[in-house]
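In what follows, a structure is listed as structure tokens, so that the remarks can point back to it.
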Amino acid sequence: MNRIDAWFTLQPFIALMMIIAACVLFVLSYKQKSKKEISSFWQWFKIVIESGLQALLFLGLLWAFRAILNTNLVTFKQSHGRVSEVNYTSVQNIWGGAHIQRELAVSHYITRKIKEEIPREDITKPPVYREIERRELVEQNSIVGSAITVDLTLNKRQKGSAYYSGFESFFTGTYEIINTSEYVTEAEFYFPLSYSQTMYENILIYDNDREIKESLRVTSSDVYWEKNMQPREKSIITISYKTRGLDYFYYQIPKPRQVNNFSLVVKVDTLPVTDINYPEGCLTPMEISETKGGRGTILKWTLDHSITTAGMGVALPAPEQPGEEIALVLDNSPYALMFLIVTVCLTLLILGENINFIEISLLSAIYCLVFYVMASLSDFLLGFWGSHIIGSLLTLGLTFLLYRKHPSAVLKYLIYSLVGFFTLLYPLSGLIPDFQDSRNGIVTILIIMYIFFIALYSRVKIKPSEQ
């Protein structure tokens, strides 16, 4: 009962149509069987049971074929584009995670000699002092300019049957550092490392064109070195490396300060402007342009006399999964089947025709063929369109053979039209992004209008014969 209630909640129109068709089927069967004189209660009870079983058989038929299409969908998704948390974590551990790069941090210290009183037992004696050295932080905003460029080359990674949005990145950052104090300072430089990166290649750090090698110290969180800087001394620090990651690149100035003469340029080689997105909490770029040829995008941020701790960067879209288009079609196949069969049954009942369960069962099986062909053959040379065309031709051809001898030409062509619509047009509508959420609503409106006009046609057709 909970599943039935959930089904009514999710698909109320289809559920209502099924119940109406089952009720009408029950009433018509009851009337047909009760035309003869009913001589006893058990005879009447038998007619009710037979009519009820016929209605239940109709509902069971739809549920059975619906279950078949759901199984087809589940089987297809298990071997096509199955994104899982386990595989995603595995790709992160092997390839690397999101590339999070924070700004170079510079701290300046001086060492002062101060006098410190030596503790004494007799406080009546005069104090005695000793000279000690104390290291003090010199507060200053010594980064007066920054120019960062990041080149992202998309390189999607496969794990299992799914692809993940991988990339390779080449980072180059140039920082202009000035000791703005009047002291000779001991400058400490900390360049943060992204915790989610598995490997850094070709790390090169230059100070005024002199490569820093021997004095570098590496920890799990940063690269560290130090030097003495004279008052007003300027250093141009250039840092470059190559790494790789997933999902997005993110650059941040984490410590609040006045940011001057800052620029960040991110180039993505094969990501068009229309697909650009940003990590959560990021500033939007000041400039967005296409690369030469229009295949990629160049994003640029410029800051001057600014204060911000918001990040800057680009988020990559999820790559198209194998069989993604097929999965979109198969995902709605159970609803398509129920739309079709219920509409066909209501058409038969409105036009005064009996429902032949063998024909309805065959029609349901024939309609399922288009989805089975797409799920089975799309991985071969046929692809999406080839499998869809073959499946559609097979379904339409068998439908023609099933109803070509039907005595009612109107009913025959109505069934052909309904099967053609739900085979050729309805599945493809799911491939249109703006139409995915509203297609069932539009189809519902079309079916209501169709049933209304069929009912009018039936009424107009019956009146002349009665006169």
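Numbers at a glance
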read-out: Qualifying residue in region 372-392 (condition: among the acidic types (Asp, Glu), surrounded by fewer than 16 Cβ atoms within 10 Å (Cβ to Cβ), in the same structural domain as Ala64 (by TED's automatic domain parsing) and touching a residue at least 12 places away in the same chain (Cβ under 8 Å)); value: yes
read-out: Failed item in (1) part of a helix (DSSP H, G or I); (2) touching a Leu at 6+ places or on another chain (Cβ under 7 Å), with Ile288 passing the rest; value: (1)
read-out: Those residues of region 179-215 which are assigned to a strand (DSSP E or B) and either touching a Pro at 6+ places or on another chain (Cβ under 9 Å) or among the small types (Gly, Ala, Ser) (or both), in sequence order; value: Thr185, Ala187, Pro192
read-out: Residue match in region 289-309 (condition: among the aliphatic types (A, V, I, L, M) and within 30 Å of Asn70 (Cα to Cα)); value: no
read-out: Residue within region 336-349 that is touching a residue at least 24 places away in the same chain (Cβ under 8 Å), aromatic (Phe, Trp, Tyr) and assigned to a helix (DSSP H, G or I) present; value: yes
read-out: Residue count for region 311-358, restricted to those that are more than 30 Å from Val259 (Cβ to Cβ) and under 28 Å from the mean Cα position of the chain (by Cα); value: 22
read-out: Residues located in region 225-246, provided they are within 16 Å of Tyr190 (Cα to Cα), surrounded by 15 or more Cβ atoms within 10 Å (Cβ to Cβ) and of a type in the set (A, V, I, L, M); value: Met229, Ile237, Ile239
read-out: Conditions (1) at pLDDT 85 or above; (2) over 18 Å from Cys345 (Cβ atoms); number of the one not met by Ile462; value: (1)
read-out: Condition broken by Glu226, with the remaining ones in (1) assigned to a loop (DSSP other than H, G, I, E, B); (2) farther than 29 Å from Glu168 by Cβ; (3) not basic (Lys, Arg) satisfied; value: (1)
read-out: Count - residues of region 303-328 that are surrounded by 21 or more Cβ atoms within 10 Å (Cβ to Cβ) and modelled with pLDDT of 85 or more; value: 5
read-out: Odd one out for Gln258, checked against (1) within 30 Å of Gly160 (Cβ to Cβ); (2) out of contact with any Cys (no Cβ under 6 Å at 6 or more places or on another chain); value: (1)
read-out: Breaking point among (1) more than 28 Å from the chain's Cα centre (by Cα); (2) assigned to a loop (DSSP other than H, G, I, E, B); (3) of a type in the set (Gly, Ala, Ser); (4) surrounded by 16 or more Cβ atoms within 10 Å (Cβ to Cβ), for Ser220; value: (4)
read-out: Criterion: hydroxyl-bearing (Ser, Thr, Tyr), out of contact with any Cys (no Cβ under 9 Å at 6 or more places or on another chain), surrounded by fewer than 20 Cβ atoms within 10 Å (Cβ to Cβ) and closer than 17 Å to Leu104 by Cβ - qualifying residue of Ser196, Ser215, Ser181; value: Ser215
read-out: Verdict on Leu73 being modelled with pLDDT under 85, touching a helix residue (DSSP H, G or I) at 6+ places or on another chain (Cβ under 8 Å) and surrounded by 17 or more Cβ atoms within 10 Å (Cβ to Cβ); value: yes
read-out: Qualifying residue in region 401-423 (condition: modelled with pLDDT under 90, outside any helix (DSSP H, G or I) and touching a Leu at 6+ places or on another chain (Cβ under 6 Å)); value: no
read-out: Options Gln252, Gln321: the member that is in contact with a Gly (Cβ under 6 Å, 6 or more places away or on another chain) and under 30 Å from Tyr183 (Cα atoms); value: Gln252
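A quick yes/no check of all residues on (1) assigned by TED's automatic domain parsing to the domain that holds Arg232; (2) of a type in the set (Gly, Ala, Ser); (3) assigned to a strand (DSSP E or B); (4) surrounded by 19 or more Cβ atoms within 10 Å (Cβ to Cβ):
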| residue | (1), (2), (3), (4) |
| --- | --- |
| Ile123 | no, no, no, no |
| Ile132 | no, no, yes, no |
| Glu136 | no, no, yes, no |
| Ile148 | yes, no, yes, yes |
| Leu152 | yes, no, yes, yes |
| Phe167 | yes, no, yes, yes |
| Phe170 | yes, no, yes, no |
| Ile177 | yes, no, yes, yes |
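The values are calculated or read from the model by the stated rules, or taken from the named source; none is laboratory data. Just so we're clear, the structure is a prediction, and the values are computed from it rather than from any experiment. A quick note on method: Cβ atoms are made from the backbone with ideal geometry, for glycine too, and the neighbour counts reach across all protein chains shown.
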